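The values are calculated or read from the model by the stated rules, or taken from the named source; none is laboratory data. Remember, it's a predicted structure, so these values are computed and weren't measured experimentally. Glycine gets a Cβ as well: all are built from the backbone with ideal geometry, and neighbour counts include every protein chain shown.
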Amino acid sequence: MVRHFATLLIALGLLAGPAAHASCSRVLVSGYYTSVHVYDGCDGTFLRLVDSRTRITGAQAVRQRGDLLYIVAEGHNSIQRYRADTFEFVDTFISVGGNPGITGVTFGPDGDVYLGGYNSGTVLRFDGTTGAPKGEVVSRSGTLGGPDNGLVFGPDGKLYIPGYDTNNVVRWNPATGQTDVFIPGGRGGLRHTRNILFEPDGTGVLVSSEGSGQILRFNLDGSFDKALTSFGYGPNGMDYDSDGTLLVTGFGGDLVERLDAKSGARLGIVVSARAGGLSGATFLTVLPGTAPVVDQAQVGTQYWLTGAGMPDSRTLDLELLSSHGTTFGDAFDPTEVVDRRWGDLNITFTGCDSAQMSWQSSAEDTAGFGDGGYPLQRIATTAASARCNAEGVDAQDSNDWMAGSWYGGPGRSGEGFFLDALANGVVVVAFFTHRPAPAAP
């Protein structure tokens, strides 16, 4: 077997798999009865689970800080950390005893970690570097019932806490240590408060009202503005996508919808219901897409030349061209491609599976690669070459036996030729080779 035969096929796209959406966001949806599900933000394809339910039991809030994801596993009352790029498990950062029912996690301006305890009715503070406990910042009271997973620090540096059982939003001021009610219970129809999302332009705040099946918009003074959208399920998780639209999931829907963030207009389903086995959706977060960093060591020295000609008996003479001007991937533009004369190629077939090849690239109107050549042999038998061998090369009345993959034997493995014979007899040649060594200084 030829050492680089697979390389040649991959270069033609014959072995390549489907292209990944490198620049698309990744949408993470917490499934309380499953785990944290990862979806392609462009087409909604289910990509994977972050981890098994053994470690992420009762998936709730997911927040990113730096290169790490902080994931609430309510069933373990713990915060599990993962790498945000590969989802590799890092550690159990915080584990809380006494079953406070941890649902939410967020980060304060002080760098510490704040957790909401649904069962305990409290908000707990932990050292942001070590995970060491620092006590309660909000204690149980009649004002706040069932702190939920959407607690978040606002642009004013205060902590906003959704009260699921009290149907309100409570605010904690770290400067004074005092709490007050930001949105009273039931205002605007608010019922079973889950997530809080401040608008990027600083004009308002969105609150998911799971009990009423709505996303409600409030002004920054806590006054009610409008119901942005109503759903046939209980919306809870929401986040902005990179294009400014709003992605929403919810308990009972187990899907992801896209909305116009200002008008609330429904723009379509991003992730279909229960895709990837999602069950009990509780939270949604968007990880922005990033362009891949090209590994320059993978760029290599590969160099392609192409040409086409009509054989004269068993001899093929043609002009080879090199192509320039455009770039890889989505930036590819065929109108930018420019072909330049590289030189001439001669292939004289000495049998059904053998040939002598030579090139000339030393004249003024060439690329100046020099002149050379070597014998060729066929890499793999084709139906036409098998017929040629059975009948004899002189008995062939078409050029289809010339088609196939050719190379210079083990001593030239790593470069080769792909030949194709058209119905009109023209033979198309692609010469897969490498750039010349740099000239000595």
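A few remarks follow.
- When PRO155, PRO100, PRO147 are checked against the criterion of being within 16 Å of ILE79 (Cβ to Cβ) and either surrounded by fewer than 23 Cβ atoms within 10 Å (Cβ to Cβ) or not assigned by TED's automatic domain parsing to the domain that holds THR282 (or both), a single residue qualifies: PRO100.
- Residue match in region 88-95 (condition: touching an Asp or Glu at 6+ places or on another chain (Cβ under 8 Å), assigned by TED's automatic domain parsing to the domain that holds THR179 and of a type in the set (D, E, K, R)): no
- Cβ-Cβ under 6 Å pairs, at least 6 apart or on other chains, region 302-313 side in contact (Cβ under 8 Å) with a residue 40 or more places away in the chain and outside any strand (DSSP E or B), far side among the polar types (S, T, N, Q) and surrounded by 15 or more Cβ atoms within 10 Å (Cβ to Cβ): PRO311/ASN399
- Of all residues in region 288-309, those satisfying the criterion of being modelled with pLDDT of 95 or more and aliphatic (A, V, I, L, M) are LEU305, ALA308.
- Of all residues in region 377-399, those satisfying the criterion of being in a helix (DSSP H, G or I) and within 45 Å of the chain's Cα centre (by Cα) are ALA383, ALA384, SER385.
- Strands (runs of 3 or more DSSP E) wholly inside region 213-277 containing at least 1 residues that are hydroxyl-bearing (Ser, Thr, Tyr) and within 16 Å of LEU197 (Cα to Cα): 224-230, 234-240, 246-251
- Filter pass, ILE94 being hydrophobic (A, V, I, L, M, F, W, C), crowded, with 18+ Cβ neighbours inside 10 Å, in contact with a Gly (Cβ under 7 Å, 6 or more places away or on another chain) and farther than 20 Å from ILE196 by Cα: yes
- Among residues of region 400-422 that are at pLDDT below 95, those with a Cβ under 7 angstrom from a residue that is of a type in the set (A, V, I, L, M), sequence gap 6+ or separate chain, pair up as SER413/VAL2.
- Residues of region 353-369 that turn out to be more than 27 Å from ASP400 (Cβ to Cβ), of a type in the set (Gly, Ala, Ser) and touching a residue at least 12 places away in the same chain (Cβ under 8 Å), as a count: 4
- Selection status of ASN168, buried (at least 16 other Cβ atoms within 10 Å of the Cβ) and either within 24 Å of THR122 (Cα to Cα) or not charged (D, E, K, R) (or both): yes
- Flag if ARG171 is at pLDDT below 95 and either aromatic (Phe, Trp, Tyr) or touching a strand residue (DSSP E or B) at 6+ places or on another chain (Cβ under 7 Å) (or both): no
- Those residues of region 172-231 which are touching a helix residue (DSSP H, G or I) at 6+ places or on another chain (Cβ under 9 Å) and under 21 Å from LEU115 (Cα atoms), in sequence order: VAL207, SER209
- Being among the polar types (S, T, N, Q), assigned by TED's automatic domain parsing to the domain that holds LEU318, surrounded by 13 or more Cβ atoms within 10 Å (Cβ to Cβ) and in contact with a Cys (Cβ under 6 Å, 6 or more places away or on another chain) holds for only one residue in ASN389, ASN399, and it is ASN389.
- Matching option when the condition is in contact with a helix residue (DSSP H, G or I) (Cβ under 9 Å, 6 or more places away or on another chain), surrounded by 12 or more Cβ atoms within 10 Å (Cβ to Cβ) and polar (S, T, N, Q), among THR382, THR433, THR366: THR382
- Test: residue in region 235-256 that is at pLDDT 95 or above, touching a helix residue (DSSP H, G or I) at 6+ places or on another chain (Cβ under 8 Å) and not aliphatic (A, V, I, L, M): no
- When THR350 is tested against (1) in contact with a Ser or Thr (Cβ under 7 Å, 6 or more places away or on another chain); (2) farther than 30 Å from ASP295 by Cβ; (3) surrounded by fewer than 18 Cβ atoms within 10 Å (Cβ to Cβ); (4) not small (Gly, Ala, Ser), just one condition goes unmet, and that condition is (1).
- Test: PRO375 is in contact (Cβ under 8 Å) with a residue 24 or more places away in the chain, farther than 18 Å from SER313 by Cβ, assigned by TED's automatic domain parsing to the domain that holds THR315 and not charged (D, E, K, R): yes
- Reported count of residues in region 312-361, each being more than 28 Å from ASP394 (Cβ to Cβ) and among the β-branched types (Val, Ile, Thr), is 5.
- ASP51 buried (at least 17 other Cβ atoms within 10 Å of the Cβ), free of Cβ contacts under 8 Å to residues at least 60 places away in the same chain, closer than 15 Å to PHE89 by Cα and of a type outside the set (A, V, I, L, M): yes
- Extreme residue, nearest to ASP67 (Cα to Cα), among residues of region 81-91 that are among the acidic types (Asp, Glu) and either surrounded by 13 or more Cβ atoms within 10 Å (Cβ to Cβ) or at pLDDT 95 or above (or both): GLU88
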